[in-house]
1. With label points built 7 Å along Cα→Cβ from the Cα atoms of residue B:54 and residue B:89, find their separation and express it in nm.
2. Take the Cα of residue A:157, step 7 Å along the line toward its Cβ, and report every residue of segment A:31-63 whose backbone nitrogen sits under 17 Å from that point.
3. Once every DSSP H run of n ≥ 4 in chain B is given -39500 (n - 2.57) and the sum is divided by its residues, what mean residue ellipticity at 222 nm do you get, rounded to the nearest 500 deg cm²/dmol?
4. Report, to the nearest 10°, how far helix B:23-48 tilts away from the longest principal axis of the Cα atoms in chain B, using its own Cα long axis and a range of 0 to 90°.
5. Output the peptides B:64-73, B:132-141 sorted from most to least packed, where packing is the average of other Cβ atoms within 10 Å over each peptide's residues.
6. Testing the spin-label approximation: label points 7 Å from Cα along Cα→Cβ at residue A:19 and residue B:224. State their distance in nm.
7. By how many degrees, 0 to 90 and rounded to 10, does the Cα axis of helix B:70-89 deviate from the longest principal axis of chain B?
8. How do A:2, B:53 stack up against each other in accessible area, from largest to smallest, with a 1.4 angstrom probe?
Amino acid sequence: MIEISHVNKWYSPSFQVLTDCTTSVTKGEVVVVCGPSGSGKSTLIKCVNALEPFQSGDISVDGTKVNDPKTNLPKLRSRVGMVFQHFELFPHLKIIDNLCLAQQKVLDRSRDKAMAKGMQLLERVGLKEQAQKYPANLSGGQQQRVAIARALAMDPIVMLFDEPTSALDPEMVSEVLDVMVDLAHEGMTMMVVTHEMGFARKVANRVIFMDRGEIVEDAAKEDFFGKPRSDRAQKFLSKILSH
Amino acid sequence: MFANLDFDVIRRALPYLFYEGMTFTLTLTALAALGGLVFGTALALMRLSGYKILGRIAGVYVDFMRSLPLVLVIFWFYFLVPYIGQWVTGASRPISVGAFASSLITFIMFEAAYFSEIMRAGIQSISRGQPAAASALGLTYAQTMRYVVLPQAFRNMLPVLITQTIVLFQDTSLVYVLSITDFLGAASKVAQRDGRLVEMYLFAAVVYFTISCIASFGVRRLQARIAIIR
């Protein structure tokens, strides 16, 4: 579904953020990307739907090359759902309109159809009553669940999550993770940048560990948590699992 | 000191002052603000587009307009537009452009320079995550601007935009140099005709002051409301 091969990215000639990253996500797979901050995890996931450009290497999604200038990027992105660390709901639109905007403007769905789909997804994330409110009136956890619903409204073939719980108060983390776990159980293909190792243990098929722009470890979940091969991954795990 | 003043001249001139003068002033203000906002937003988008040439053109235009006194622009434009029109259309003689059309075009072009700076600040006040989220949903650049970025920029900048419009409302009085009957022009004509300069100019000042003051007060209330929403 997602093929990443030998991707390199520089912010400036002397500052390389991604170094020869190669991995893939197959259909129905849940892949968790973890690593210390500044390791390039977010940058890598943003390269997948071309929100970040990269200088060399190839990424393709469902057979379409992301870095090909001829690729219709809006069309490709409409099939790739993305959830951001800071939710990025549109503050000037009601919750339901946040879900309808792209459905109507990108997929050309009728208002009625978009509303029906939107309400169905809001119900699914438990926020049907909030449809007529504005994002600012919702808690962080609720906003992030709306953001997930907004991405799902486009019927994506794969979902990307960029630290979806990092900006949340601790008591709101689980309500968002619950939605994501459900999604994983339904067979959604997911690439998730997160520090939530509990989530990784529960639903991930594979774990990718990144450090200093490199993919240091790319292993099945059991192997990664059982006995990581690299020192850096071991250190990282012992640090975040020690409390 | 006020013994010789005849304030009844104002009462007698009221219908003329407001039906003719104020109507013109308000129409010009509204149309110039609208046109200036549209053109100014286009300039702001050019500057932020990432295309160097477009940005340069918009930048030079804005700097140029802001470096000239408005009266001069009004004057020059009035005299030049007929000849530019002749040159563009290839007509045999200078085309005739009414004083209203000429002043409206001038104000739109002049105000666009100021509105563009306001809209530029407004667009830059939107966090980069917003256009990223819109792109991630598959919206094109134009759709992202139209449905996500510009509505928020406009809303954030509304108080400043209205304040600029109040300035514009006062500046429209400069069309008197074209002998146009705007509010000040009407007051001036009555003043000259009846020899009541002090009364009429005093009254004109009070009217401009009152309207601007009320509008400014409205802006402050609006600001408070927007602050709550955010």
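1. Distance between the two pseudo-spin positions: 3.1 nm.
2. The answer is A:48-50, A:59-63, whose backbone nitrogens lie closer than 17 Å to the label point.
3. Result for chain B, helices only: -25000 deg cm²/dmol.
4. Roughly 20 degrees, rounded to the nearest 10.
5. Ranked by mean Cβ neighbours within 10 Å, highest first: B:132-141, B:64-73.
6. For residue A:19 paired with residue B:224, the spin-label model returns 5.9 nm.
7. For helix B:70-89, the angle is close to 70 degrees.
8. B:53, A:2
The values are calculated or read from the model by the stated rules, or taken from the named source; none is laboratory data. Keep in mind that this is a model prediction, so the values were computed, not measured. Every residue, glycine among them, receives a Cβ derived from its backbone with ideal geometry; neighbour counts consider all protein chains shown. Heads up: the accessible areas ignore ligands, DNA and RNA and are worked out on the full protein's heavy atoms, side chains in. Shrake-Rupley method; radii C 1.70, N 1.55, O 1.52, S 1.80 Å.
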